[in-house]
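What follows draws every value from the coordinates through simple rules; no lab data is involved. Just so you know, these numbers come straight off a predicted model, no measurement behind them. Because the Cβ atoms are built from the backbone with ideal geometry, glycine has one as well, and the counts that use them run over all protein chains shown.
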Amino acid sequence: MKNILCVLNVWAISFGFLSPLFAQDTSTPKAVPGGLSSKKGSGKIFPPNSKFLQVAGHDAYLALPEGVDAGQKTPWLWYCPSDYKLPGKLEQWMMKQCLDNGIAVAGIDVKGDFGTPAGRKIFTAFHKELTEKYGLTRKACMLARSYGGTQMYNWAAEHPESVACLAGVYPVCNLASYPGMKSAAGKYGMSQEEFARELKKHNPIDRLAPLAKAKVPIYHNTGDVDTLVPPKDNSFLVEKRYKSLGGPMTVTIFEGQGHNYWTGFFEDQAMADFIIKHAKNQKNLPKVLIIGDSISGGYSKPLLDLLKGKAEVTKLGSVAGYRIQKETFWHSRGVAKNLDFGSAKACIVDFERFAKHLEDTPYDVIHFNFGLNDIFRGRNGAWHNPVDQYAKDLAKIVTLLKANGAKVIWANITPIPANAPHNPKGDELIYNAAAAKVMKKHGIPINDLHSVVTQWDGYAEWKGGNDVHFSGAVYSKLAEKIAGVILAKLQASEDSTEK
């Protein structure tokens, strides 16, 4: 009888009578409090005590466990899709398991998206909102049902460092299998021919390598007679490819079950244990803030690699911020859309918003450097930010950074070559001397990046040039020095805490 119902469901979907999500909630819709319209909330059943949000213009929800306040480092389950009539009745058991074990539950409505680049951007904004404003852990446990797999996998593939584990109930992992090339092309805003050429850039089964490299654990439940999302083209294919890449994955096959409402898919203790284990086993990494000019943009990428798994890094400032940030922080010209300062003067211009960021976000360590853009001499030969004013700006910035409660580290200005336009050689020594007095007064240690460069084997040749920037090898040396100083500070804090 169950198989007959499954066939009828598939037939109905193919002729457009049902959505791919299935209209499983036939009872009177539960009233939706706090912000979601009755039309958009109709049919959905949210976890208890859900808080309703708007993120990037989309409805979202967050349910915190009893006794947990926003701002605590709380592990969480990210359920997708949260579109149409989901989450529904079948999701409630798993959500209760999570909440009862101290794990928050959240989701965002991306309106039937199939993992498109636009949908991924909304997911990124949602992750940022929950981790920065509501204190959830950086790594989320993600659970997808049906086509939610396209949303889950395509975002996770681009953010493996933010994923604790992936779980799926007959998830769609192959766009060629479901919804099929023609339909998928339309959802991605392409012709079928264009989409065929671009498929590997968007198809979950072709985007597993970053997840495998990060050793993200995966768990799928699927039925052996699923004809809508056949396991051989989805879960089984993911398993084969993922394991060949060295990734850990478990697939549970339920015999005689298809793409249906059978509660065994959803009320599975093994899957619940998998999610709870990986949610609660997370190590809350210390938070590090890096601030600086274009030199910091150069060392950011190797520094991020050195601190991977050891600290959660936020980077502000510099035109090269795009290397490690989804949002670029451009050098400020007085009015900024984002926190984007690359000089002490620009930081003061955006001081109020910077202060609000530090008030909202406590850090363990803050490493900062400004100077080359302050030194810059214009056509009239005057410094962009005269040295006396530079010292006053640094004192104001240092006072703000210390108020955050973080361990603060100042990095001095790297050398200026002989022929740099608008940056006369030796000016950095004048500014470094002024900065050193400020740091001594405020008890801030100095990371001597200037010496890292002057002791570099290629320094003699470089100093005769005209570019204040460096090759990748020098940036790697700077990153090593900075990582060592930051990790020593973190270790000292950990040791003092243990005592």
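Protection proxy ranking for 43-50, 163-170, using the average of other Cβ atoms within 10 Å per residue and placing the highest first: 163-170, 43-50. Listed by chain and number, the aspartates and glutamates whose alpha-carbon sits under 13 Å from that of LYS425, ignoring those within fewer than 8 places in the same chain, are ASP467.
Could you sort out which of LYS139/LYS187; LYS280/LYS315; LYS111/LYS200; LYS121/LYS200 sit more than 25 Å apart by Cα distance in this structure?
Cα-Cα > 25 Å for LYS139/LYS187; LYS280/LYS315; rest within.
The distance between label points at SER471 and ALA355 comes to 4.6 nm (points 7 Å beyond Cα on the Cα→Cβ vector).
Mind scanning LYS392/LYS440; LYS128/LYS407; LYS407/LYS437; LYS392/LYS441; LYS356/LYS437; LYS201/LYS308 and naming the pairs with a C-alpha gap bigger than 21 Å? Correct reply: LYS128/LYS407; LYS356/LYS437; LYS201/LYS308. Close amide H partners of PHE254, meaning residues 5 or more places away or on another chain with modelled amide H under 5 Å apart, are THR222, GLY223, ASP224. Looking at the stretch 108-152, the trypsin sites (Lys or Arg not before Pro) that sit in a DSSP loop and have at most 14 other Cβ atoms within 10 Å of their own Cβ are LYS111. Residues whose amide H comes within less than 5 Å of that of ASP59, counting only those at least five positions distant or on another chain, are ASP109 (H built at 1.01 Å from N in the peptide plane). With the simple spin-label model, which puts each label point 7 Å out from Cα in the Cβ direction, the ALA209 to ARG377 separation comes to 4.9 nm. Only the Cβ atoms of Lys and Arg (+1) and of Asp and Glu (-1) were treated as charged; on that basis the dipole of the stretch 23-280 about its Cα centre amounts to roughly 520 debye.
The stretch between ALA433 and GLU161 holds 94.0 nm of extra length on full extension. This uses 0.36 nm per residue minus the Cα-Cα distance. Extension gain, GLU461-ASN49: 0.36 nm per intervening residue step, less the Cα-Cα distance, totals 141.9 nm. Per the Kirkwood formula applied to alpha carbons, the stretch 144-194 shows a radius of gyration over Rh ratio, Rg over Rh, of 1.04. Computed packing ranks the peptides 384-397, 294-307 as 294-307, 384-397, most packed first, by mean other Cβ atoms within 10 Å.
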